Structure formats: structure tokens, C-alpha cells
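A short write-up of the structure that comes next.
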Amino acid sequence: MKVIRLSKSSIGKDEKSAVLNILDKEFLGMGQEVELFEKEIADYIGVTPDSVVCVNTGTSALHLAISALDIGPGDEVIVPSITYVASLQAISATGAIAIISDVVESNFLLDVVDAEKRITSNTKAIMAVHYASNSENLTAVYSLANIYGLRVIEDAAQAFGCDYNDKKVGATGDITCFSFDGIKNITSGEGGAICSFDKEFIRRVKDARLLGVENDTENRFMGERSWEFDVKYQGYRYHMSNIMAAIGRVQLKRVDDFSVKRRCLMSRYLDRFSDFDGVQDLGVNLKLIVPHIFVIKIKGGNRDNLMNYLREKGIQCGIHYQPNHYLSYYRTGYHLPIAEKAGREMLTLPLHVDLTVADVDYICDCVLTYLSE
Ligand SMILES: *Cc1c(COP(=O)(O)O)cnc(C)c1O
């Protein structure tokens, strides 16, 4: 039986020849290809060329961002319970405490009312997660942050290419982190990027991705290395390689096509489920987002059975995500009722660029058949 994958990369001959080209040059590490990728991302987002720093994963982007803000032991960072565990690992890696907050029932984004109750004198930042590519709560997040003098780190791992206030996500925020892992809106194999207007912060992040070696980025972009240097901060080996950047540069050229395709598939799903009560969507504005995942809510406690049924029909599905405060390492002493309900009802159906409308129709037929019985 044909299996419909939940998500996957879409790699063409251009990505393959771009990688071969780098292999032929025998300069695989961080060099000019990464510099070009950073400039092209900046241009796409609509920020100055020196605002973007590429790293090896989205998780590293988040970790570097938090540590470059000097957030660490004794500090607290607010984060929604419904996110990939990478968001929390990035916080705890710095020694700071992830203060897990509840989400909004309609869209699973951070509930700023609940978040505000958890702010203390140790709170340094809010991590706003663009869950399922949605950044609808950003205005509220930034006004809360302004009231309490907090930094905002946007986990935009799922929101590359999305719009917010007539600009691209990343164009107006404090600090925005993207992921280019294999299944995100664009991929560089693995990879991530940090985007910010804060020049001092960007300087720090550029050094910190290369073990804290001062100005090593500039040298490597010229094909040189730093032989005499100072290190002032803890750094990490988090830089992006030329091989990754070569894939990413091709994918960036395809992002508009990807976005049309993803929107079209999601819109088909929404049409098919529109007058069926047993399935609720997250009410996202498809004009603004490039949907990374398609999440629905299954009412009536049927989610797990439906998942098994779909698996038997050759359809992979997922759960994005079980509430993070259930994890042993991040367990809270308090309940987050909306996140817990979300964890029971959410179901992710396949969405990727190589899915067809016929695939979506087949998936919808299966879901509707099962739930109508
Ligand atoms: C994918 C993802 C990350 C981590 O990105 P990686 O590149 O896989 O390290 C972080 N947060 C969210 C919400 C994600 O979806």
C-alpha cells in the first residue's frame, strides 16, 4: 500500500547540483556560501543584510539567542506548553528556567493573560512560538513584554515566509529564530537562522556560533581563519556549513512556489471539513501564513482511534505536541487546562509540497467516513 507521509523534504535536481558544486570546491565548512545565504534571507525578509546569522539547527538558533541575551541561571523565560521540546531545551540549556504557560483554546498560541500571571522579578524574556505558522498573538506578546521590560524571542521555526503586519515574520520583531530542518517550510538539510535589528546582539551571536572567536565570521567569509584572537564569552560550534547553505539557497528560490502549494492544499482540507462539526481547525488566516503543519481538533475523545484507523489506511499522522509540562524534565506543579485539552484533541494530517489534492481528498474521505460512523 502507498503510504502518505506526514511531512517530507522536497529536493530537486538544483539542490543536488548545488551540493555537488560545493563538494567540487572542497570548501565544505562555513564560507562564502553561508554569507550569500544570509544576505538572500535578509533580502527576502526585508531587513538589512547584517541582520541575519545562520546556524546549524533551529534549536541552536534559540539557544544562542537566549544565551547572547545573558539569560542564564536564576532567570526565567516564559514559553507556551504547546511547542516542540526544542523551545524548552534551548531555555534550560542556558541554565534558565522555562516557565510553562497555557495556550489559547482556538489556536494553541501562548495565552498572554496566563503568561502575565507567571511573570516575576526573575523573568527576562518571553518565547513566542508561531505554532502551526500562526503569529496572530504577537501584538499582545509585544505589549506585555513592553509593560514588563522583557525581551521577546520568536520561535518562528514553523513560520518562515509568513506575513505579520504586512511584512515578513522576522522583519519587525525583537529576535526571530527560524529552522531549516528537513521538513520545515524551506530546508538546508539541517539549519537555522537568527534575525534581529539589535546590532550588539547580532555581533555577539556571530562570534558565539564559532566558539566565541572574535570576528571569525568575517575571516571565514573571506576564506581565511583567525589565528590571533580573543574570546570574551562562552561560545558554541553552531555555525552553518557551505553544504547546508547551498541547499538552503536553492530552497529559498522555491519558497514562493512552496507557499502557493502549501496554501492550496490546506485550503482544500478546510473546504472539505468546513461543514462537518466533528472536526475543528485552528482558524488561521491562510493569506498570511505558509502552513508548515495542518492541525485539527477531534472532539469527543476519538482522536487516538482515528489515528489508528488512518494509519491502517496508509496515512501517517502526528501529534504536535503533547503538552511539555507532562515531560519529566519540565514537569510543573500546576495544571494548564487548555494545553491539556489541546493535547487530547489535536491531530496533524499530512502536509508537504509533494502532496496532491487527490491525496488530500483521500485523507478527508477517510477522516469523514470514520467520524460519521
Ligand atoms: C522545528 C522546530 C524547532 C527546532 O528546529 P530544529 O532545526 O529542528 O532544531 C523549534 N521549535 C519549533 C516550534 C519547531 O517546530
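The values are calculated or read from the model by the stated rules, or taken from the named source; none is laboratory data. Just so you know, these numbers come straight off a predicted model, no measurement behind them. With ideal geometry, Cβ positions are generated from the backbone for all residues, glycine too; neighbour counts draw on all protein chains shown. Keep in mind that these areas ignore ligands, DNA and RNA; they rest on the heavy atoms of the full protein, side chains included. Shrake-Rupley method; radii C 1.70, N 1.55, O 1.52, S 1.80 Å.
For Arg272, work out the one condition from (1) touching a residue at least 40 places away in the same chain (Cβ under 8 Å); (2) open to solvent by 70 Å² or more (accessible area, probe 1.4 Å); (3) part of a helix (DSSP H, G or I) it doesn't fulfil.
Among (1) touching a residue at least 40 places away in the same chain (Cβ under 8 Å); (2) open to solvent by 70 Å² or more (accessible area, probe 1.4 Å); (3) part of a helix (DSSP H, G or I), the lone unmet condition for Arg272 is (2).
Which condition number does Ser267 fail, the rest of (1) polar (S, T, N, Q); (2) open to solvent by 10 Å² or more (accessible area, probe 1.4 Å); (3) in contact (Cβ under 8 Å) with a residue 60 or more places away in the chain being met?
The one condition Ser267 does not meet is (3).
On the given criteria, is Glu38 crowded, with 16+ Cβ neighbours inside 10 Å and either more than 16 Å from the ligand (Cβ to nearest atom) or under 30 Å from Ala339 (Cα atoms) (or both)?
For Glu38, the condition - crowded, with 16+ Cβ neighbours inside 10 Å and either more than 16 Å from the ligand (Cβ to nearest atom) or under 30 Å from Ala339 (Cα atoms) (or both) - is met.
List every residue pair whose Cβ atoms lie under 7 Å apart, where the two residues are 6 or more positions apart in sequence or sit on different chains, the first residue falls within the stretch 71-92 and is within 13 Å of His130 (Cβ to Cβ) and near the ligand (Cβ under 10 Å from one of its atoms), and the second residue, located anywhere, is of a type in the set (D, E, K, R) and at pLDDT 95 or above.
Short answer, once both residue conditions are applied: Thr83/Asp155; Ser87/Asp155.
Let me confirm something: among Ala145, Ala125, Ala140, which residue is farther than 28 Å from Ser7 by Cβ, of a type outside the set (Asp, Glu) and open to solvent by 10 Å² or more (accessible area, probe 1.4 Å)?
Ala140
Of all residues in the stretch 178-198, count the ones that are touching a His at 6+ places or on another chain (Cβ under 9 Å) and open to solvent by less than 10 Å² (accessible area, probe 1.4 Å).
Residues in the stretch 178-198 being touching a His at 6+ places or on another chain (Cβ under 9 Å) and open to solvent by less than 10 Å² (accessible area, probe 1.4 Å): 1 in total.
Determine if the stretch 138-153 includes at least one residue that is of a type in the set (Phe, Trp, Tyr) and assigned to a strand (DSSP E or B).
No: the stretch 138-153 contains no residue that is of a type in the set (Phe, Trp, Tyr) and assigned to a strand (DSSP E or B).
Given the options Asp230, Asp207, Asp155, name the one that is more than 16 Å from the ligand (Cβ to nearest atom) and surrounded by 21 or more Cβ atoms within 10 Å (Cβ to Cβ).
Just a single option satisfies the conditions, and that option is Asp207.
For the stretch 41-58, enumerate the residues that are in contact with a strand residue (DSSP E or B) (Cβ under 8 Å, 6 or more places away or on another chain), more than 16 Å from the ligand (Cβ to nearest atom) and of a type outside the set (Ser, Thr, Tyr).
Ala42, Ile45, Gly46, Val47 - these are the residues of the stretch 41-58 that are in contact with a strand residue (DSSP E or B) (Cβ under 8 Å, 6 or more places away or on another chain), more than 16 Å from the ligand (Cβ to nearest atom) and of a type outside the set (Ser, Thr, Tyr).
Search the stretch 168-204 for residues being of a type in the set (Asp, Glu) and in a loop (DSSP other than H, G, I, E, B), and hand back the single one that is nearest to the ligand (Cβ to nearest atom).
Asp181
Residues that are touching a residue at least 40 places away in the same chain (Cβ under 8 Å), farther than 30 Å from Thr120 by Cα and assigned to a loop (DSSP other than H, G, I, E, B): does the stretch 35-43 have at least one?
No, the stretch 35-43 has no match at all.
From the list Asn242, Asn302, Asn219, Asn215, which residue is under 28 Å from Tyr321 (Cα atoms) and of a type in the set (S, T, N, Q)?
Just a single option satisfies the conditions, and that option is Asn302.
Checking the conditions here, which among Ala159, Ala61, Ala140, Ala86 is in contact with a strand residue (DSSP E or B) (Cβ under 6 Å, 6 or more places away or on another chain) and modelled with pLDDT of 95 or more?
Selected residue: Ala61, the only one of Ala159, Ala61, Ala140, Ala86 that is in contact with a strand residue (DSSP E or B) (Cβ under 6 Å, 6 or more places away or on another chain) and modelled with pLDDT of 95 or more.
Specify the residue that is most open to solvent (accessible area, probe 1.4 Å); the eligible residues are those in the stretch 7-34 that are assigned to a helix (DSSP H, G or I) and charged (D, E, K, R).
Lys13
Within the stretch 116-150, work out how many residues are among the aliphatic types (A, V, I, L, M) and within 16 Å of the ligand (Cβ to nearest atom).
Total satisfying the criteria: 8.
Checking Gly314 against (1) open to solvent by 30 Å² or more (accessible area, probe 1.4 Å); (2) in contact (Cβ under 8 Å) with a residue 60 or more places away in the chain, which test does it fail?
(1)
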